[in-house]
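Comments concern the structure below.
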Amino acid sequence: MSSSEEVSWISWFCGLRGYEFFCEVDEDYIQVKFNLTGLNVQPDEEREDNPNQSDLIEQAAEMLYGLIQARYILPNRGIAQMLEKYQQADFGYCPHVYCENQPMLPVGLSDIPGEAMVKLYCPKCMDVYTPESLRHHHTDGAYFGTGFPHMLFMVHPEYRPKRPASRFVPRSSLKWLNLLTPSLFSCSFGIYLRLIGGDWAQWLTLVIPALW
């Protein structure tokens, strides 16, 4: 495969629907064997007679590219590409109300492929969320790694947003209900006792309020 064909495949792959989170890894980075050390994602011999061989090869290619990308986005060159996508909000906005549409970054919950799908990290509330679009629910989180957002803000601390100035505080009316319930009960019970009459009823109407 020639260099031009390889670059065109990368552009084609990153342009597919559902692969918007990926960045285009530079060709020269892939050509350096040291950057691929330890990555051995190839279809095994048992798959040669498989009728779905082409699908398996595509899956292996996606995994290999994803794992290469996980390394590529940690140095400055890859961070610069992802930072541009972050500034354009290509990864979406935080759904937290008080984050006020803060752009997010992709993150993995595990560095091992197949363990968890990609999540989105909000640097403002410092929480993770499931991507809103279903087409991103099948992207492996290992293709971005567990430390990428933190590395980006370590290199570019000026892009780290401040924590939300406000936060939601639940308000409950139960305390007013607790104050009103004894009075309402004693009043209603007193009316009932007056209706049935009798000295003992009059005595209870005096004792019940005192107990409350």
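Given a 1.4 Å probe and the protein chains as shown, residue 112 ends up with an accessible area of around 90 Å². For the pair residue 116 and residue 32, the difference between a 0.36 nm per residue extended length and the Cα-Cα distance amounts to 27.4 nm. Computed on region 118-175, with alpha-carbon pairs under 8 angstrom and 6+ residues apart, the relative contact order is 33 percent.
Using a probe of 1.4 angstrom, how much of the accessible area of region 3-159 is carbon and sulfur, in percent? Answer for region 3-159 is 51 percent, counting heavy atoms of protein chains only.
Each other residue within a Cβ distance under 14 Å of residue 109 adds +1 if Lys or Arg and -1 if Asp or Glu, for a net charge of -3. The residues of region 77-161 have, on average, 50 Å² of accessible surface per residue, using a 1.4 Å probe with all protein chains present.
How compact is region 3-159 by the rule of thumb for globular proteins, expressed as Cα Rg over 2.2 N^0.38 Å? Numbers along the way, then the final one.
Working: Rg = 16.2 Å, N = 157, 2.2 N^0.38 = 15.0 Å.
Compactness ratio reported: 1.08.
Take the alpha carbon gyration tensor of region 52-116, find the square roots of its eigenvalues, order them as a ≥ b ≥ c, and report rounded if a/c is under 1.5; if not, report prolate when a/b exceeds b/c, else oblate. Taking the square roots of the gyration eigenvalues as a ≥ b ≥ c, region 52-116 is prolate.
The values are calculated or read from the model by the stated rules, or taken from the named source; none is laboratory data. Quick caveat: nothing in here was measured; it's all calculated off a predicted structure. Note: ideal-geometry Cβ built from the backbone for every residue, glycine included; neighbour counts use all protein chains shown. We work out accessible area using only protein heavy atoms, side chains counted, and drop any ligands, DNA or RNA first. Shrake-Rupley method; radii C 1.70, N 1.55, O 1.52, S 1.80 Å.
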